[in-house]
Amino acid sequence: MRDKILVVDDELEIRDLLTEVLTGEGYDVIQASNGVEALELVEKEEPQVILLDVMMPGIDGVEVCRRLKEEDKTRFIPIIMVTAFEDRDVDAFVMGADDFVTKPFSLVELSFRVGSMLRIRHLTDELQRKLAYIEELEKNRPE
């Protein structure tokens, strides 16, 4: 199964560029053009990594990040914030972002960051499976 990346940006050109690059690297890419759509797609599609624009109309990326990191089901999804405003980076990290890139960004650098976040996600998933297995063993252990 291919890893799924959610690209969230209100600029169609950015979404299409990232989709083209990431699809070419073998990922399944889904797109959202705003924060509300992003939250809905995360629930439905369960992406492994999210590339999230900071400045969007309505619910901005920092608020989307905060909401996702508060939920048990989505808190371990790595979020890479994409921003043209360096002063918002601190806000994003406070809200739980895992990484950030500043526009204009290098596609090579972004690709490496996505790969790094995917490795972290796979390790986190494996850890969660093993913890669940240990908890099940503990529940069924004779006393």
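Numerical summary
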{"read-out": "Extreme residue, nearest to GLY58 (Cα to Cα), among residues of the range 30-44 that are open to solvent by 50 Å² or more (accessible area, probe 1.4 Å) and assigned to a helix (DSSP H, G or I)", "value": "VAL36"}
{"read-out": "In the range 62-81, the residues that are touching a Leu at 6+ places or on another chain (Cβ under 8 Å), closer than 18 Å to MET117 by Cα and not aliphatic (A, V, I, L, M)", "value": "CYS65, THR74, ARG75, PRO78"}
{"read-out": "Set PHE76, PHE105: member being aromatic (Phe, Trp, Tyr), assigned to a loop (DSSP other than H, G, I, E, B) and under 23 Å from THR23 (Cβ atoms)", "value": "PHE105"}
{"read-out": "Within the range 1-29, tally of residues that are crowded, with 19+ Cβ neighbours inside 10 Å and part of a strand (DSSP E or B)", "value": "5"}
{"read-out": "Within the range 45-66, considering residues that are among the aliphatic types (A, V, I, L, M) and part of a loop (DSSP other than H, G, I, E, B), the one most open to solvent (accessible area, probe 1.4 Å)", "value": "MET55"}
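The values are calculated or read from the model by the stated rules, or taken from the named source; none is laboratory data. Everything numeric here is computed off the predicted structure, so don't read it as measured data. We place every Cβ from the backbone using ideal geometry, glycine too, and count neighbours over all the protein chains shown. Calculation scope for accessible area: heavy atoms of the full protein, side chains included, ligands and nucleic acids excluded. Shrake-Rupley method; radii C 1.70, N 1.55, O 1.52, S 1.80 Å.
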